[in-house]
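Participant: Handing you a structure now.
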Amino acid sequence: MVGGRLAAVITIAALLDACAFLLGPVPDNPIIGTWANTENDRVTFNSDSVTVTPNKGKPTAMGPGECNGVFKIAYGRMETAPLGKLFPAQPDLEDKLKALLVQPEYPVAEVTCDRGGTTYLMIGERDLLAIYRDAGLGGIERLKRL
């Protein structure tokens, strides 16, 4: 009986290894990958970089050269309560954020470029919300995983 259990454990371990090989490594952050908006503009997140590809355009890897010397990317989780108060001059945007962000926190990629930035929140398995900030003004855009 013990030999049968051992054989079963070895078989399951081999199957899991085969699945991991076929599927590839699991990313450290679920946001890593490629996302697109309704116009098919794409954003690709890697562990230490972001590449933006306009529909029918050339990819641009964001970095200090494209961001006036200031580029940062950080992955993690973010509490959403402060985001509903981020744009007091745009109450309609604050209302949209409060309606979309129903969980207390989400996986996040925080990208800083020059004096502006974008917060990307994964609000569903295949849905990403981009919150753009520049000079106190904001905007939002939804993206889907490709």
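Participant: Being surrounded by 14 or more Cβ atoms within 10 Å (Cβ to Cβ) and either at pLDDT below 90 or touching a Cys at 6+ places or on another chain (Cβ under 6 Å) (or both) narrows it down to one residue among Asn29, Asn37; which is it?
Facilitator: Asn29
Participant: Give the residues of the range 115-125 that are over 10 Å from the mean Cα position of the chain (by Cα) and either farther than 19 Å from Met62 by Cα or not polar (S, T, N, Q) (or both), sorted by residue number.
Facilitator: Within the range 115-125, Arg115, Gly116, Gly117, Gly124, Glu125 meet the criteria.
Participant: Among the residues of the range 35-62, how many are of a type outside the set (Lys, Arg) and over 17 Å from the mean Cα position of the chain (by Cα)?
Facilitator: Number of matching residues: 6.
Participant: May I pose another question? Count, please, the residues in the range 118-140 that happen to be surrounded by fewer than 17 Cβ atoms within 10 Å (Cβ to Cβ) and out of contact with any helix residue (DSSP H, G or I) (no Cβ under 8 Å at 6 or more places or on another chain).
Facilitator: 10
The values are calculated or read from the model by the stated rules, or taken from the named source; none is laboratory data. Everything quoted here is computed from the prediction, not taken from an experiment. Positions of Cβ are backbone-derived with ideal geometry, glycine not excepted, and every protein chain shown enters the neighbour counts.
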